[in-house]
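What follows is one structure encoded as structure tokens, with my remarks underneath.
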Amino acid sequence: MAQIPMKFDVVVVGAGPAGSAAAYLLAKKGFRTLLVDRGRGLGDKELFGGRVYAQPLRDVWPELDKEAPIQRWVTRERISVVSGDNVITVEYKAGSKKSFTALLPQLASWMSRKAEQAGAVFVNEVTVDELVVKDGKFVGVRSGSDVIEADVVIDAEGVNRLLLERAGIVERLKPDHIALGVKEVLRTGAPQLEAAFGIDSDEGVAWVVVGDVTRGVPGGGFIYTNKDTVSIGVVLHLRHALEAVEKGILKDHVSELVEGFRLHPFFRKLWKDATISEYGAHLTIEGGLKFSPPRLVYPGLLIVGDAAGFLLSTGVNYRGVDYAVYSGKLAAEAVEYARDHGGLTYENLKAYEEKVKGSFMYRDLIRHTAAEALMNNPELFSKLPGLMTKVLAGIYEQDYSVKTPFEAITEALTSEGVDLFSLISLAWLAVRGL
Amino acid sequence: MSAAQAAQVKREEPKQMKLEDILQSDVWNVDEEPHIVIDYTKCEKCEAKPCVYLCPAGCYTLVGDKVVFSYEWCVECGTCRVICPMDAIKWDYPKSGHGIIYRFT
């Protein structure tokens, strides 16, 4: 068996945000660190929605704002409810710049280059087939016939987590806590983009869309403005998408949903004359900690990023990249702690779990369950956009008589076939979740 | 990459693009061997065939009442493995350095 004749302190699997952050900090702390990725070039396998919250990244890279490939700082938040051609939009003009849009191949490349500059060995074109176990401890990784040994393996393999499954740590992925995101990047040009979205050159928009873009399947659509491109896409909860196909409700191919969104009469003028630069898809976590493996630390192994279930989805806020980076940071700190407290033993590495439990991510993942109540009620989810637009139609679309709000609401309830009781119970679930 | 950029068609009137045309915007380094293998004895017994609708790259197409699979345009999302009701999909990432090459997403 051919062996790379070098043993590392730490091998990190996956050069996404989580793995790159861990490798960067470990290399900086003096650990002999190997970062491997299956892509041919940097960032080849990276895809996400499009927005990153900056502050947790600054904890790792204080130079972020000056150096990172930031597309646009988000200054405007929009949320739209769509029912047929009817659209309700709320816009919030933010007072500060907390998040930015990005193209993940670029951002992840920047992060993994940072790791390399800090002294980590970066090797691409390596698909890890297996985590290597010896005497009940993880001792390295195998790719083909090559085995690379390390005192600690950091698993940053991402959402599909084949390696954890093969190691018997997690079960096969189920559709319950998983959503599918399908995305198009549309090239419009910066001046056209700014004119269409009504923003200045130093502004950016993050836009969440719910309703008919998913044909009633729980999920949503998104729009993020980059410098001269727009990222758009549709996210479907796989459990509900599967049921919709089985019941014959979803009869179109999922790409047609994204196309329907791109061509929607209200939205299409935002990217008039655009060309499609790229099309892709990625699975995303919807269950938060329900998706987490039983433990985050095993002898010789730490689990970070998507593979660990670190993604928050509230229905309005989506935090994945910053959670990934922050978990990579906590893992690196735990390895440092272990070294400084007698060695990289299982007992010492457990500091990672403690650090996670004391972090803002963990607290937020536990606190935010409001979206789940709605997502777990697909029938109501599909009816709510129609209901809301009908209420506004009742108020705004008038010939002679002006309806009272009460009339508008009760008429909308009747025409959409929603009884007041289920609406109140949903509101209760949402309030309880909040 | 230049071939893909050249393939980008500027639209005059907004109309829905076929998936095969949308996929022209992407770049792959296709492996000679498939990274996904279908067990057709299991697959044939499936009624709903959700892969046909939910695989974003359209790797699963219906020919008559049978699913035909091609791996070349796979975007490596993992959806098919998660939704297959028959557990008929043996799914792996492409061999080192192969598969989709994202540039903008």
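Here are the numbers for the structure shown:
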| item | result |
| --- | --- |
| Euclidean distance of C-alpha centroids, the range A:74-108 and the range B:20-89, integer Å | 32 Å |
| Histogram of C-alpha separations across the range A:104-213, 5 Å bin width, % | 2, 8, 11, 15, 13, 13, 11, 9, 7, 6, 3, 1, 0 |
| For A:SER231, A:SER401, A:SER425, order by how many other beta-carbon atoms lie within 10 Å, fewest first | A:SER401, A:SER425, A:SER231 |
| In nm, spacing of pseudo-spin labels at A:VAL147 and A:GLU165 (7 Å Cα→C-beta vector) | 2.5 nm |
| Tail weight of P(r) past 19 Å, computed on alpha-carbon pairs of the range A:50-97, percent | 44 percent |
| Where the Cα pairs of the range A:137-198 fall when distances are cut into 10 Å bins, in % | 15, 30, 17, 18, 15, 5 |
| For the protein assembly as shown, the spread of Cα positions along each principal axis, largest first, Å | 83, 55, 47 |
| Whole-Hz couplings from phi, Karplus 6.51/-1.76/1.60, listed for the range B:22-37; x for Gly and Pro | 4, 5, 5, 6, 9, 10, 10, 10, 6, 6, 6, 9, x, 8, 10, 10 |
| Rounded to 10°, Cα long-axis angle of helix A:405-416 versus longest principal axis of chain A | 70 degrees |
| Computed FRET value (nearest 0.05) for B:CYS46 with A:ILE395, which takes r as the C-beta separation and R₀ as 51 Å | 0.60 |
| Potential lengthening between A:LYS66 and A:ASP176 on full extension [0.36 nm per residue; Cα-Cα distance subtracted] | 35.6 nm |
| Peptide-level mean, for A:254-262, of C-beta atoms on other protein chains within 10 Å | 5 |
| Angle in degrees between helix A:321-340 and the longest Cα principal axis of chain A, rounded to the nearest 10 | 20 degrees |
| Angle in degrees between helix A:420-433 and the longest Cα principal axis of chain A, rounded to the nearest 10 | 30 degrees |
| Dmax and Rg, reported as Rg then Dmax, of the range A:383-433 (C-alpha, Å) | 12.1, 41 |
| Label-point separation, A:ASP273 to A:SER422 (7 Å along Cα→Cβ), nm | 4.6 nm |
| Residues in the range B:83-97 reached by a label modelled at B:VAL63 [backbone nitrogen below 16 Å; 7 Å Cα→Cβ] | none |
| Computed helical MRE - 222 nm, chain A, DSSP H runs ≥ 4 contributing -39500 (n - 2.57), nearest 500 | -10500 deg cm²/dmol |
| Taking the convex hull of Cα positions in chain B, its mean projected area over all directions (nm²) | 8.0 nm² |
| Average beta-carbon neighbours from other chains, 10 Å sphere, peptide A:237-244 | 3 |
| Euclidean distance between Cα centres, the range A:257-278 to the range A:295-344, Å | 37 Å |
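Readers should treat all values here as calculations from the given coordinates under stated rules, not as data from a laboratory. These numbers come from a predicted model, not from an experiment. When we count neighbours, we look across all protein chains shown, and the Cβ atoms used for this are built from the backbone with ideal geometry, even at glycine.
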